[in-house]
1. Pull up all non-local amide H partners of F8: gap of 5 or more, or a different chain, and H-to-H distance under 5 Å with H placed in the peptide plane.
2. Quick check: with the 1.4 Å probe, what order do S65, S33, S91 take by accessible area, largest first?
3. Could you give each residue of the range 6-14 its phi-based ³J(HN,Hα) in whole Hz, using Karplus coefficients 6.51, -1.76, 1.60 with θ = phi - 60°, and x for Gly or Pro?
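The values are calculated or read from the model by the stated rules, or taken from the named source; none is laboratory data. All values derive from a computational prediction rather than experimental measurement. Surface areas here come from the heavy atoms of the whole protein model, side chains and all, with no ligands, DNA or RNA. Shrake-Rupley method; radii C 1.70, N 1.55, O 1.52, S 1.80 Å.
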Amino acid sequence: MSTEFQRFGKYELHKRINRTANGEFWKGYDPESKRPVGIKVYYINQQVDSDFIAQFAKHMEILTSMHHPNIIPIHDFYIVPSKNPDETAASMACLITDYIEGQTLADYIRATPALGKLPPGADI
């Protein structure tokens, strides 16, 4: 992602945690609530038009209304259209979530003795 983005809305990008072909995950900061946040940036590989934005916003409203102890809450979302309409991959969607310290589930499973078994559900 270009270094020109140092924030999404009010949220500051502090440290990139992970990068994949489809996006990035950042540890960020919410200056209003004075707490760390997770910022997941997705690269959009299609033209961002009003239909896409409306559908994305509808899906995000549904996701932000979900409340369950095993689902990380989504606090906010953004779409950043490409500055060049011919360059669709430069468009981005961004989700703001709680930031949770610790290893990923994938890392936990890889670090657990294999023995052909998954860790007990309570450990996961």
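1. L13
2. Values: S65 75, S33 55, S91 0 Å².
Final ranking, largest accessible area leading: S65, S33, S91.
3. Going residue by residue, I get 10, 7, 10, x, 7, 8, 8, 8, 10 Hz, with x marking Gly and Pro.
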